[in-house]
1. Sort through Gly197, Gly283, Gly253 and tell me the only one that's in a loop (DSSP other than H, G, I, E, B) and at pLDDT 95 or above.
2. Are any residues in the range 24-56 assigned to a loop (DSSP other than H, G, I, E, B) and in contact with a helix residue (DSSP H, G or I) (Cβ under 7 Å, 6 or more places away or on another chain), and if so, which ones?
3. Being surrounded by 24 or more Cβ atoms within 10 Å (Cβ to Cβ) and polar (S, T, N, Q), is that true of even one residue in the range 247-254?
4. The conditions are (1) over 25 Å from Ala108 (Cβ atoms); (2) exposed (fewer than 14 other Cβ atoms within 10 Å of the Cβ); (3) in contact with a strand residue (DSSP E or B) (Cβ under 8 Å, 6 or more places away or on another chain); (4) not basic (Lys, Arg), and Gly325 fails exactly one of them. Which is it?
5. Going by the conditions given, is Lys268 in a helix (DSSP H, G or I) and open to solvent by 10 Å² or more (accessible area, probe 1.4 Å)?
6. Which one of these does Gly233 not meet: (1) out of contact with any strand residue (DSSP E or B) (no Cβ under 7 Å at 6 or more places or on another chain); (2) part of a loop (DSSP other than H, G, I, E, B); (3) not charged (D, E, K, R)?
7. Given the conditions (1) part of a helix (DSSP H, G or I); (2) free of Cβ contacts under 8 Å to residues at least 40 places away in the same chain; (3) in contact with a Ser or Thr (Cβ under 9 Å, 6 or more places away or on another chain), report the number of the one that Pro346 does not fulfil.
8. Taking the range 227-254 as the search range and keeping residues that are within 12 Å of the chain's Cα centre (by Cα) and without any contact (Cβ under 8 Å) to a residue 60 or more places away in the chain, which one is nearest to Lys27 (Cα to Cα)?
Amino acid sequence: MSETKVAAAPEQSLLPTYARYPIALVKGEGSWLWDDQGNKYLDFMSGIAVTNLGHAPQKVKEALIKQLDELWHVSNLFRIPNQEEAAHLITSNSSGDAVFFCNSGAEANEAAIKLARRYQQKVLNNGRYEIITFESSFHGRTLATLTATGQEKVKEGFAPLPEGFKYIPYNDIEALKAAISDKTAAVMLELIQAEGGIFPADQAFVEDLVKLCEENGILVIIDEIQTGMGRTGKLFAYEHYGIEPDIFTLAKGLGSGFPVGAAVAKEKLREAFGPGSHGSTFGGTPIATAAVKATVETIVGEKLSERAAEMGAYLIDELKKELAGNSFVKEVRGQGLIVGIECVEPVGPVLTAAQEQGLLVISAGPNVVRLLPNLLVTKEEIDQAVATLKQLLANAVKA
């Protein structure tokens, strides 16, 4: 180290890509977190829909410890039994037939975009490359996925952006019809726009979209990064709509906090991703897929999707009942345990006040409080969160 270099505080060694809260969380168990000052918090963020089984779930912990004692990493030049078994668990419980493992949701969406283009160009030989996405969507932070995202704020300063993306209004089938051309390779959408404000897709819109894509040889990509793994009351959100996407993507809750993502495809797409066409050094390692196996087995085996549907309905009903008549609150909406409280003004002060009261929640756009409790949340924990929010939102009216 240079003699003239001044030692900085540890936090100064990080690039300032996050506006962090002044809280250092050091321990988690179930629905609860503790900071380095000993303060306890009820977690209704779940690491932004990541810790779907709560913090440090025992079965996943045991699977990881066992794997750590055996093998951490091996190249994808070799067979990885854990990876094969994790993929089989996913395909056995979904409409998909083949899985590509990676490290994050952005990489899963990147893989989906590449797979759609390569299928059109190398298998069907039609040269299609355009991906249609939707305004207010969010698909990731890589150059391709931030370009796919229908929000200008994530694109600022990253020009020139990749070509081949179109954006249309959400839930607008006529706009989709107008956007389709002989260059259209796929339509990519979230069935609940999470970062965009907790807006579900209309049933009729989704049905018409799938039909339109089938008629025009266009692939349907469903981004399940935030809605997958039981959060909406089904294992995958597309199940609510009675459809089978050509590709869907997973991450967040897939590994219970261990970084892992996946793109899941229909059989017809298999030949588009032959050897050498795509890859990931850390994708599907023995450790990562040990976490996936234990997570999926727990969600499916303990019927936690069904539990999320029940507890989500209870949460939404309680919020609507307790917040009725509050002029600061515009609407409560959601599905399963992804819930938004839309307010008439920005909710930043509400989030800060909630932290001071021992409740962790997050926003979804400037005016929406987003609630993402884990799938094992109890009614007592829901009642505590609702009571806190009722008080804080009543104070917001007075302010």
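The values are calculated or read from the model by the stated rules, or taken from the named source; none is laboratory data. Predicted model, so just to flag it, every value in this text is computed and none were measured. Note: ideal-geometry Cβ built from the backbone for every residue, glycine included; neighbour counts use all protein chains shown. To get the accessible areas, we keep the full protein, side chains included, count just its heavy atoms, and leave off ligands, DNA and RNA. Shrake-Rupley method; radii C 1.70, N 1.55, O 1.52, S 1.80 Å.
1. Details: Gly197 fails: at pLDDT 95 or above; Gly253 fails: in a loop (DSSP other than H, G, I, E, B).
Every option except Gly283 fails the conditions.
2. Matches in the range 24-56: Ser31, Phe44, Val50, Asn52, Leu53.
3. yes
4. Failed condition: (3).
5. Details: in a helix (DSSP H, G or I): yes; open to solvent by 10 Å² or more (accessible area, probe 1.4 Å): yes.
When the stated conditions are applied, Lys268 passes them.
6. That leaves (1) as the condition not met.
7. Every listed condition holds for Pro346 apart from (1).
8. The initial filter retains those residues of the range 227-254 that are within 12 Å of the chain's Cα centre (by Cα), namely 227-232, 236-237, 248-254.
Add one more test, that the residue is without any contact (Cβ under 8 Å) to a residue 60 or more places away in the chain, and what stays is 228, 254.
Details: Gly228: 25, Leu254: 21 Å.
Per the stated criteria, the residue is Leu254.
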